[in-house]
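K.L.:
Could you have a look at this structure, given as structure tokens, before my questions?
Every read-out reported here was derived from the displayed coordinates using simple, explicitly stated rules and does not represent laboratory data. Since this is a predicted model, take the numbers as computed values, not measurements. Here the Cβ positions follow ideal geometry from the backbone for every residue, glycine too, while neighbour counts run over all protein chains shown.
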Amino acid sequence: ETGVTQSPTHLIKTRGQQVTLRCSSQSGHNTVSWYQQALGQGPQFIFQYYREEENGRGNFPPRFSGLQFPNYSSELNVNALELDDSALYLCASSFPTSGYQETQYFGPGTRLLVL
Amino acid sequence: AQRVTQPEKLLSVFKGAPVELKCNYSYSGSPELFWYVQYSRQRLQLLLRHISRESIKGFTADLNKGETSFHLKKPFAQEEDSAMYYCALSGGYGQNFVFGPGTRLSVLP
């Protein structure tokens with residue numbers, strides 16, 4: 001059973017640019033969630049995808065968008081980067097078996113620095 | 001609004017002492033509550049969730065709906081418990097998943 005992987009591990013961009021972060025879910029998991037973790041804070045929920053459709057969204061502007069592919073891998077896209085977008089971006093996969101929020105398995109994160 | 005607060009940024013205890021990590025929440029409804037832990041150089045992982053009513057690594061947490069709290073407790077702290085602990089809530093599958101700011105637990109020898 002392979003765990004959640006993310007790429008790249010680190011990334012440096014300049015203000016106004018666009019970035020794509022990638023996540024490969026744990027084997028058998030069809031749900032992926034993305035989080036932003038600023039330094040010294042807890043993760044903040046960006047959105048969740050289930051079977052290629054957005055299934056929930058936190059308080060983030062539309063320039064944060066995502067995709068989930070048929071193999072359940074996922075991308076987070078951020079347009080028009082701002083300095084405050086500098087953070088650790090985490091993805092987490094899960095497999096819902098009931099109406100409850102199932103255990104999420106986190107990746108190691110991608111650290112984004114916007115200059 | 002959904003919110004999770006953890007009043008202590010840092011908690012230091014001696015090995016063998018009891019430990020309690022505080023978590024309070026605000027949510028209009030019946031939330032699911034979780035504790036996640038991040039050990040040094042490791043990824044974030046689930047420690048326990050209230051619906052399971054489990055004891056993991058000696059830790060327990062009771063959901064108190066009257067006080068809107070979900071404090072994490074362990075009667076005898078071990079050095080390997082030193083880590084960052086996050087309390088989190090969810091309104092259910094697909095709902096906003098809210099993390100607290102975290103408490104760093106340091107267990108001294």
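K.L.:
Quick one: if you stick a label point 7 Å off each Cα along the C-beta vector at B:L10 and A:D84, how many nm between them?
P.N.:
2.8 nm
K.L.:
If you restrict to DSSP beta bridges whose two residues both lie in chain A, what percentage is antiparallel, to the nearest 5?
P.N.:
Expressed as a percentage, antiparallel bridges in chain A total about 90.
K.L.:
While we're on this one: May I ask you to sort B:L89, A:L67, A:L83, B:L48 by Cβ crowding, counting other Cβ atoms within 10 Å and putting the fewest first?
P.N.:
Going from sparsest to densest Cβ surroundings: A:L83, A:L67, B:L48, B:L89.
K.L.:
Excluding residues fewer than 8 places away in the same chain, name every one of the aspartates and glutamates whose C-alpha is closer than 13 Å to that of B:K65.
P.N.:
Candidates past the 8-residue exclusion: B:E32.
K.L.:
Let me ask something else. Counting other beta carbons within 10 Å of each residue's own, what order do B:F34, B:F99 fall into, fewest first?
P.N.:
B:F99, B:F34
K.L.:
Ranking A:R51, A:R63, A:R22, B:R49 by Cβ neighbours within 10 Å, fewest first, what do you get?
P.N.:
Listing A:R51, A:R63, A:R22, B:R49 from fewest to most nearby Cβ atoms yields A:R51, A:R63, A:R22, B:R49.
K.L.:
Still on this structure, I have one more. Let me know the Kirkwood hydrodynamic radius for chain A, please, with Cα pairs as the basis and the value in Å to one decimal.
P.N.:
Computed over chain A, the radius equals 14.1 Å.
K.L.:
Could you give the size of the charge dipole of chain A about its Cα centre, using +1 on the Cβ of each K and R and -1 on the Cβ of each D and E, expressed in debye and rounded to the nearest 20?
P.N.:
260 debye
K.L.:
Of all the C-alpha pairs in the protein assembly as shown, what % are more than 24 Å from each other?
P.N.:
Counting every Cα pair in the protein assembly as shown, those more than 24 Å apart make up 44 percent.
K.L.:
Oh, and also: Report, in debye and to the nearest 20, how large the dipole of chain B comes out about its Cα centre when Lys and Arg carry +1 and Asp and Glu carry -1 on their Cβ.
P.N.:
160 debye
K.L.:
For labels at A:S65 and A:L11 in the simple 7 Å Cα→Cβ model, what's the distance in nm?
P.N.:
1.5 nm
K.L.:
Also, quick follow-up: What number, in nm² with one decimal, is the all-direction average of the projected area of the convex hull of the alpha-carbon atoms of chain B?
P.N.:
6.7 nm²
K.L.:
Taking the alpha-carbon centroid of each part, what is the distance from segment A:31-57 to segment B:9-30 in angstrom?
P.N.:
So the separation of the two Cα centres works out to 24 Å.
K.L.:
Can you list the residues, at least 5 places off or on another chain, whose amide H is less than 5 Å from the amide H of B:G102, using H built in the peptide plane?
P.N.:
HN-HN under 5 Å from B:G102: B:Q6, B:C87.
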